[in-house]
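Notes for the one structure printed next.
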Amino acid sequence: MTTLHRLLWGPTSEASTFADWEIRTWEVPAVGLPSRVAAFLFLGAGATALPADWEPSAGPLTWTIGAGDRLLAAGRRYQLGYESTVALQQSGLSLPLTEHPMRRSVEWEVEPHEAYFLPLAADGGSTSIDRDGYAFYCDVLLLLTALDGGEATLDRLAFGGAGTVPFEDRWAWRSRIHLPSDTWQAVERALRWSEAPSEDSSQIRSALVQSLQPWTPEVLRWEDFAFERIDLRLETTRDAEVVRTVRPPDATDGDLPDPLLIDAAELQETLVVRIAQVSRWPGRQSVTAQFPAMDPAISNHVMQQVAAAFQSPSHGQQDREPDLVLFPELSVPQPEVGTVRDLVAHTGRASLAGFYWRVLPPAYAPSGSPSPGRMWFVNEAELVLPVGHEDNGPTSVRWYRVRKPIPAQIESGLAQALTNLRGTTYSILPGQRWYRFVHPCWGDFTIAICADLLDAAPWRSLRGEILHLFMVAFNKDVDLFESLTWVRAYENYVNLVSVNHGRFGGSFLWTPRHSHGRELARLRGGKLFVIADVELPVQHLLEQQRTGVQQAVDVARASWAEDDTEKSDFKAPPPGFTRRALRLEEP
């Protein structure tokens with residue numbers, strides 16, 4: 001018998017099968033399954049019969065793996081860095097939903113969380129609790145555990161119940177678990193059912209299933225463990241957004257809902273971005289000796305530069321303040337996350353900042369021995385947006401963490417060095433999400449962290465669906481990335497902003513114009529703290545994405561006919577380029 005909890009908290013580097021795994025909540029980090037995988041398991045479990053003679057008074061149900069154990073084990077090992085992409089791809093494993101990957105059982109491998117007992121407590125121990133409703137409630141808690149990789153959401157639920165605050169306003173939950181709005185609404189109704197557990201829950205179940213089915217695969221494959229794409233609409237005047245998960249980045253269905261399309265009429269003419277090349281960096285010995293903390297003296301210098309970048313007046317020829325401030329990869333210390341958010345709220349300027357490495361906490365912190373034999377750390381950037389309110393209330397912020405999907409060799413080397421120095425095995429954990437953000441005024445954009453630019457797969461999915469690519473970097477090979485950033489800017493036909501660490505210099509801003517017009521800015525020189533404001537085209541670039549191919553054909557036709565035709569200052573889009581994700585004008 002293997003339960004969901006062994007799938008989440010049992011993988012080891014030595015064993016590839018469930019039978020050889022042991023649940024180690026004090027070691028394995030709280031890393032959720034990809035959204036599509038978690039939804040697949042939920043739908044599979046819900047389609048199976050309840051255990052014979054089971055009643056709610058016997059206690060909560062868990063999920064046991066009924067089929068597809070090889071794929072699920074390999075996929076989870078891949079998530080934690082134990083399995084290579086090549087090995088997972090060559091396995092050729094797949095799992096149809098009709099094979100019932102999960103079944104319900106009363107046989108737990110861990111103690112059930114107290115949140116599972118809330119309906120029983122609300123019912124006062126009577127026998128009137130709805131049997132199917134309680135099974136569904138357990139399924140929803142297991143779904144949240146699978147999505148979160150731990151039980152932090154269940155902790156909050158057990159502590160305060162469903163509460164009176166709508167789930168759409170519970171940012172601590174939604175910032176970690178990205179689900180479409182209709183899915184969150186159904187989850188909320190399911191959890192609030194625990195307060196009146198004698199009521200019929202069939203309509204709530206039906207609503208949740210219907211919200212999951214459009215983006216859940218009918219057949220689970222290795223690709224579903226590799227990457228997933230999150231499309232997310234940002235709001236500037238209310239604390240909400242629209243989220244939709246789609247297929248892995250090497251595929252696109254081209255069928256985005258209306259809120260995830262951009263409206264040309266609402267866009268700004270230009271976007272002003274500020275490059276803030278933070279220059280201070282701890283020495284090599286300081287990194288390994290104090291990891292994951294940053295040297296306090298260096299941290300203080302960095303935050304002085306960060307504050308200056310936020311609060312300095314305009315640095316350029318623009319007639320307005322910057323919309324977005326960008327800081328390099330690995331530049332901002334982890335304890336200063338709140339400071340950056342406060343600066344965004346205070347100045348009204350959005351930010352994209354690369355944060356120093358962070359060690360992931362285990363699913364459950366140990367109260368004593370045993371100590372973890374392995375630790376995972378991550379490289380992340382955070383997008384922080386100010387949210388004004390129509391009632392002129394105080395500015396709040398919303399933040400979105402992006403984990404680097406492709407760690408660099410220097411990070412793998414750091415993990416090995418720490419392992420040799422400390423005796424505990426360290427691993428750099430890659431991210432598995434690519435984001436497309438839709439801003440009502442800036443248009444659509446995505447975020448990359450340095451080496452992410454090297455993988456062509458995600459850009460095929462995003463091509464024609466973004467106006468900007470914002471990249472934070474800690475890159476020594478400035479010449480290579482100068483060429484590479486231009487290639488990515490042109491093949492995706494976007495504005496590309498790459499801010500490198502001031503230790504090396506080499507920040508670039510490109511737009512797909514002709515000749516020297518393509519280079520909006522180039523900052524060279526190492527060990528320099530530099531602030532520069534640059535204006536990016538928005539409406540003009542979108543127009544070129546829409547009509548540039550036909551314009552190029554018209555120019556070529558006129559050239560063959562020896563007619564004079566006015567040329568655009570933008571280069572022609574690459575052959576086959578098509579602008580998608582655009583709200584069409586009413587006829």
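Values quoted throughout were computed directly from the atomic coordinates according to the rules given, and no laboratory measurement underlies them. Keep in mind that this is a model prediction, so the values were computed, not measured. Glycine also receives a Cβ, built like all others from the backbone with ideal geometry; neighbour counts cover every protein chain displayed.
By a straight-distance test (C-alpha under 18 Å), which lysines pair with residue 476 as possible cross-link partners, with residues fewer than eight away in the same chain excluded?
Answer for residue 476, where 18 Å is the Cα cut-off: 404, 527, listed by chain and number.
Where does region 458-587 land on the Kirkwood hydrodynamic radius, alpha-carbon pairs, in angstrom?
16.1
Rg to Rh ratio, region 228-540, alpha-carbon atoms and Kirkwood radius? Let's see the in-between values first.
Numbers: Rg = 19.3 Å, Rh = 20.2 Å.
Using Cα coordinates only, the ratio equals 0.96.
Kindly rank 518-526, 133-141 from highest to lowest mean number of other beta carbons found within 10 Å of each residue.
With the highest mean Cβ count within 10 Å placed first, the list reads 133-141, 518-526.
May I ask you to compute the full-extension gain from residue 87 to residue 236, defined as 0.36 nm times their residue separation minus their alpha-carbon distance, rounded to one decimal in nm? Could the numbers behind the result be given before it?
Numbers: separation 149, 0.36 × 149 = 53.64 nm, distance 4.35 nm.
Length difference between fully extended and current span is 49.3 nm.
What whole number of Å gives the distance from the Cα centroid of region 271-306 to the Cα centroid of region 524-587?
Using only Cα atoms, the two centres lie 37 Å from each other.
So which trypsin sites (Lys or Arg not before Pro) in region 260-339 are both in a DSSP loop and have at most 14 other Cβ atoms within 10 Å of their Cβ?
320
In nm, what is the difference between 0.36 nm times the number of residues separating residue 158 and residue 122 and their Cα-Cα distance?
11.7 nm
Taking Cα pairs under 8 Å and at least six residues apart, what relative contact order does the chain come out at, in percent? Provide the component values of the computation, followed by the final result.
Values: 1195 pairs, mean separation 84.7, N = 587.
About 14 percent, as a whole number.
Excluding residue 354 itself, calculate the net charge of residues whose Cβ lies under 11 Å from the Cβ of residue 354, where each Lys or Arg counts +1 and each Asp or Glu counts -1.
Details: positive: 404; negative: 329, 380, 382.
My count for the surroundings of residue 354 gives -2.
How many angstrom separate the Cα center of region 448-516 from the Cα center of region 111-172?
That distance is 44 Å.
Only helical DSSP H runs with n ≥ 4 go in: add -39500 (n - 2.57) per run for the chain, normalise by residue count and round the 222 nm mean residue ellipticity to 500 deg cm²/dmol.
So the calculated ellipticity at 222 nm is -9500 deg cm²/dmol.
As a footprinting exposure proxy, order 94, 175 by other Cβ within 10 Å, with the fewest listed first.
Arranged by neighbour count, lowest to highest, 94, 175 become 175, 94.
Within the set of other residues whose C-beta is less than 15 Å from the C-beta of residue 559, count the net charge using Lys and Arg as +1 and Asp and Glu as -1.
-3
Can you put 419, 25 in order, fewest other beta carbons within 10 Å first? Mind dumping the intermediate values first?
Numbers: 419 15, 25 18.
The most exposed by this proxy come first: 419, 25.
Quick check on the exposure proxy: order 177, 275 from fewest to most C-beta atoms within 10 angstrom.
177, 275
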